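Read-outs throughout are calculated quantities, based only on the coordinates presented, and are distinct from any laboratory measurement. Because the structure is predicted, anything quoted here is derived from the model rather than measured. Counting neighbours? That spans all protein chains shown, and the Cβs are built from the backbone with ideal geometry, glycine included.
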Amino acid sequence: MALHDRWVQERKHERYYKLAKKLNYRSRASFKIIQLDNRFSIFREGDSVVDLGASPGGWLQVAKERTGESGKVIGVDLRPIRPIEGITTIVGDITDGNTMAELLEKFGGKADVVLSDMAPNIAGHYSTDHARSMELCMFAVDVCDRVLKRNGTCVMKAFMGDMIDGLTKELEKRFRSVRITSPDASRDTSSEVYIVSKGFLASSDVRPAPVHKDEKKPEFTVKGGVI
Ligand SMILES: C[S@@+](CC[C@H](N)C(=O)[O-])C[C@H]1O[C@@H](n2cnc3c(N)ncnc32)[C@H](O)[C@@H]1O
């Protein structure tokens, strides 16, 4: 990255970081979902929301604020999330059947919105990071197949690369509209984008396999590569 671009990015990070502190958000990431919600109307009062990759909790705070008292919000992450009033959290790996089973049990119903800000540990190797990000995205798609209501919305983070078309095709099978976007608060890395999918079709053609605890991790195929 050119020196000037790096300077601009650092200033932006600092601006959002200070703003997050001032407004008591747990992470700069809060502004990404705020900007996405302002543009794409993700949340409505009373919505049920599943947030994958939720730690430290910036998106959870925004989801709760925007769905209000009657909103139901649950967050899942590998890392613990400091408690937030009115929000249920689960510590676990969403690619693990035990965590998926715990999510289905604790959430106990259908969601209006599935969010995923999950990011793999960055290897610094473009195609490896992209492939890992695609795998996490396919798990987010799997969560949609299991819990999303007809007409529901999904927002997921993805790292751009050659498998992105395969992922968007999977999403287009399931949603009426699929848009790839990059909110101002994002653009952390040149490859980070957000995919906003609206109007879940809840098609009976898509039947997720039953979840079994302690089962081998399923494999997902995205056109352009097997994950
Ligand atoms: C960018 S952070 C999320 C920030 C969060 N949206 C916020 O506003 O505070 C990405 C998170 O994804 C989580 N993550 C990565 N892989 C995961 C997995 N397989 N299951 C659950 N969480 C995962 C990481 O632990 C990390 O906390």
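Worth a mention:
- Antiparallel beta bridges, as assigned by DSSP with both residues in the chain, represent about 45 percent of the total such bridges.
- Loop-resident sites, the stretch 1-65, for GluC sites (Glu not before Pro), counting at most 11 other Cβ within 10 Å (DSSP): Glu45
- Residue among Arg79, Arg39, Arg179 with the largest mean-square fluctuation in a Gaussian network model of the chain, springs linking Cα atoms under 10 Å: Arg39
- Counting neighbouring beta carbons within 10 Å and listing from fewest to most, the residues Phe40, Phe175 come out as Phe40, Phe175.
- Expected 222 nm ellipticity per residue - DSSP helices of 4 or more, -39500 (n - 2.57), all of the chain, to 500: -12000 deg cm²/dmol
- Cross-link partners of Lys149 among aspartates and glutamates (Cα-Cα below 12 Å; sequence separation of 8 or more within a chain): Asp47, Asp112
- An oblate overall shape is assigned to the stretch 1-130, the ratio a/c of its alpha-carbon gyration tensor axes (a ≥ b ≥ c) being 1.5 or greater and a/b not exceeding b/c.
- The stretch 31-76 shape via C-alpha gyration tensor axes, a/c threshold 1.5: oblate
- Per residue, the convex hull volume that the Cα atoms of the chain enclose (Å³): 121 Å³
- Here's the list of aspartates and glutamates a cross-link from Lys21 could span, going by alpha-carbon distance under 19 Å and ignoring same-chain residues fewer than 8 apart: Glu10, Glu65, Glu85, Asp184, Asp188.
- Pairs beyond 18 Å (Cα-Cα), from Lys110/Lys157; Lys110/Lys213; Lys32/Lys64: Lys110/Lys157; Lys110/Lys213
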